[in-house]
Amino acid sequence: MLDLPDLSWVDDLDAEQLLAALATHGCEVDGDPSHATPGGAESDGPSYQLIPLGDAWLRLEPDSGGRLWGAMIPDARHPDVTNGEPPMRFDDDAEDLLGWMMARADIDGSGQRWVTVMRRPEREAYVALLYDAGAIRPVRQLLVRGVYPDISLIDDGHHLAFVEPDREVTGGQRAIVARADPDLFEESRQVIAYSATGGIGIKPCSVRRFFKMSHGIRSERVWDVVDVRQDPPQPIAVPGAPKDPSLFDMALLDGLPVLVQLYNGDGSWTLMASLLDDGQVMRSWACASGVGAAREITSGVGYAVVRVSRDGEESLHRVDIDGFSTGRSPLLVAPGLLDLRYNQVTPSIGFAATEMSGGIPPFVWYFNRAGECRNDPADIAQRAAGLARARRERVTSDDGYAFDLDLRWPASAGDRFVGPVVVMLYGAYGLDLDLDSDPDLKQWLDRGFAVATPHVRGGGPELRHLAGTRAKRGRSLMDAAAAIRHLRAGVGVVEATDIVTLGASAGGFLSATMVNVCPGEVDVCVVVNGFVDPLTSLVRRDTLTSASDEDEWGDPTNPNDVAVLHAISPVENLTPSAAEALVVVAGCDVRVNPRQGLKWALGYRALGGSVELWYDPNGAHDCWGAGMPRTALVDWVSAAVARRRAKVAA
């Protein structure tokens with residue numbers, strides 16, 4: 001066994017000592033967004049977005065000074081023609097918001113009222129601000145402090161639904177419904193759910209009389225629907241206790257609210273509709289079925305829009321919900337990922353779908369209520385010309401388990417790619433990576449890399465997720481290693497001459513572990529805020545996500561879980577390797593203890609490994625290096641691959 005240095009002292013560093021140690025052993029990166037250069041930014045594609053609201057499309061576009069303006073557009077085919085009403089300003093540059101960044105926003109069907117969630121990443125703090133449209137600038141009506149980012153405008157903008165932490169119980173949460181009125185907000189607050197261990201989430205339904213609300217720890221979390229007009233509002237159990245809020249919504253049919261819900265099984269999907277009355281499901285019927293896996297639903301008046309995945313492609317279907325629909329053709333088929341989140345409310349003028357396909361900027365498709373495309377045909381033709389090559393292959397792990405491997409490579413390479421491959425890793429908490437939603441995918445392809453991501457056990461839907469959690473975590477490693485061997489061998493359309501493993505958070509765990517599991521196969525390893533010492537973190541409960549981490553990684557008092565964590569820990573099983581490593585640490589990360597990345601970097605360096613340590617003293621888990629060029633990571637990896645090749649050649 002290797003004689004590793006004792007690095008336990010790192011765990012006991014206070015915040016000041018941690019920054020001093022990072023400065024001693026690493027290189028500080030620029031975290032000031034005002035220093036950012038435009039390198040790598042996409043310049044092609046429209047600068048605006050259209051959101052379907054009521055009887056018009058809301059066009060949002062920043063001006064040259066960074067202010068955000070909105071205008072109502074009658075027809076998406078003609079985005080420069082407004083309805084004649086004056087534009088509305090949506091941004092707020094008040095001094096009390098300096099240092100805060102926008103995390104998300106929600107708007108009601110009139111387009112005249114919205115709520116903006118602002119975030120201080122280094123504190124992991126959020127505030128929500130309620131605005132009404134004004135003649136010159138938005139009129140701030142309400143500021144809600146200390147909320148979680150999922151806050152929604154409901155009931156025609158008259159109420160807010162949100163989640164706030166329990167100030168006295170660590171990890172506790174409350175779901176609140178309150179009037180969206182500065183004079184009535186405090187006195188109208190109603191607690192509609194409470195949890196001592198977290199797990200409460202809120203998402204809006206298309207019919208804003210309703211919203212979705214979750215309960216339970218991550219592996220057992222289910223979603224209900226809440227009718228805000230009930231007195232008091234009560235969670236309504238959704239049939240089948242869905243764990244994915246993207247698979248149900250509320251629609252309107254003959255003026256009545258209808259629950260629309262997707263079911264997946266045996267390679268096919270079914271859309272069901274149910275009438276609701278006074279919090280009860282009264283009658284249900286089937287609306288449509290098809291081949292593939294349904295991923296997302298949004299709804300309108302008398303119809304639902306369904307996103308389906310099949311064989312590495314995604315399709316969009318508009319389905320009437322007044323009976324069973326047959327003989328449908330998809331509105332759209334895309335080689336990448338589709339996203340329906342631009343659809344905010346029902347009723348609306350139509351619906352939108354964002355396509356994220358390899359190597360091109362996101363492309364938004366616009367449809368009227370009947371499902372007729374309202375995009376300019378010239379824009380559609382230009383989009384098609386820039387698509388990268390894509391493939392989904394099946395890989396078999398050492399224990400016989402078969403999983404998907406998603407691939408993207410430059411179109412210029414043709415039908416087969418031979419060259420360096422970036423293997424992007426995650427596979428935990430029931431989540432997979434979507435390559436096409438990565439804003440840096442085009443950068444990798446333009447530099448001559450292919451990009452791959454394996455859908456390992458620990459990610460994905462429930463069965464695959466649970467097959468790679470806790471004492472079964474080693475299966476995630478087995479799958480990731482099988483994917484790397486598959487790429488090295490070139491048995492599919494991509495043959496890797498060089499392997500770069502790249503992962504953030506739980507993906508950083510897998511990236512670092514691949515250096516231990518298959519050290520001869522990995523040329524470059526990138527670990528960003530990696531969960532590389534999970535057992536220490538679980539024992540110390542040193543993050544704000546301890547409850548969900550224990551549910552995912554194991555109980556530190558369970559001997560079986562502990563034995564597995566010892567056996568697979570990247571820190572405890574460091575192996576000498578020729579791979580060049582980059583470790584990124586955010587000093588204010590509250591989801592992964594930043595001491596973990598420092599510990600792994602020091603251990604790898606002690607074994608003779610080449611490792612560069614970047615740290616952002618004020619960076620957060622998913623927000624670091626804001627002042628760096630957007631190409632900084634791709635630049636470093638490209639140079640590291642070149643150095644590795646030179647050493648091998650010598």
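The values are calculated or read from the model by the stated rules, or taken from the named source; none is laboratory data. Owing to the predicted nature of the structure, the values given are computational and were not obtained by experimental measurement. Cβ sites come from the backbone with ideal geometry, for glycine too, and all protein chains shown count toward neighbours. For accessibility, only protein heavy atoms count, side chains too; no ligands or nucleic acids. Shrake-Rupley method; radii C 1.70, N 1.55, O 1.52, S 1.80 Å.
Assorted remarks:
- Number of the condition not met by Val226 [criteria: (1) of a type outside the set (S, T, N, Q); (2) over 25 Å from the mean Cα position of the chain (by Cα); (3) surrounded by 15 or more Cβ atoms within 10 Å (Cβ to Cβ)]: (2)
- Set Ala496, Ala480: member being touching a residue at least 24 places away in the same chain (Cβ under 8 Å), closer than 24 Å to Asp622 by Cα and buried (at least 22 other Cβ atoms within 10 Å of the Cβ): Ala480
- Here Ala642 does not qualify as in a loop (DSSP other than H, G, I, E, B), among the small types (Gly, Ala, Ser), open to solvent by 10 Å² or more (accessible area, probe 1.4 Å) and farther than 20 Å from Met514 by Cβ.
- Among the candidates Leu538, Leu565, Leu544, Leu510, residue that is surrounded by fewer than 22 Cβ atoms within 10 Å (Cβ to Cβ) and within 27 Å of the chain's Cα centre (by Cα): Leu544
- None of Gly199, Gly255 is small (Gly, Ala, Ser) and either more than 26 Å from Ala294 (Cα to Cα) or more than 20 Å from the chain's Cα centre (by Cα) (or both) except Gly255.
- Filtered by the rule that a residue be more than 22 Å from Trp57 (Cα to Cα), within 25 Å of the chain's Cα centre (by Cα) and in contact (Cβ under 8 Å) with a residue 40 or more places away in the chain, segment 120-143 gives Pro121, Glu122, Arg123, Glu124.
- Of all residues in segment 371-404, those being part of a loop (DSSP other than H, G, I, E, B), touching a Leu at 6+ places or on another chain (Cβ under 9 Å) and farther than 24 Å from Leu331 by Cβ number 0.
- The one condition in (1) open to solvent by less than 20 Å² (accessible area, probe 1.4 Å); (2) under 30 Å from Ser546 (Cα atoms) that Arg218 fails to fulfil: (1)
- Options Gly619, Gly530: the member that is open to solvent by less than 10 Å² (accessible area, probe 1.4 Å), modelled with pLDDT of 95 or more and under 28 Å from the mean Cα position of the chain (by Cα): Gly530
- With respect to the stated conditions, Gln280 is of a type outside the set (Val, Ile, Thr) and loosely packed, with under 14 Cβ neighbours inside 10 Å.
- Exclusive hit being touching a residue at least 40 places away in the same chain (Cβ under 8 Å) and farther than 18 Å from Leu252 by Cα, set Gly336, Gly327, Gly265, Gly300: Gly336
- Within segment 621-650, residues that are among the β-branched types (Val, Ile, Thr) have Cβ atoms under 9 Å from residues that are assigned to a helix (DSSP H, G or I) in these pairs: Thr631/Gln443; Val634/Gln443; Val634/Trp444; Val634/Asp446; Val637/Trp444, counting only partners at least 6 apart in sequence or on another chain.
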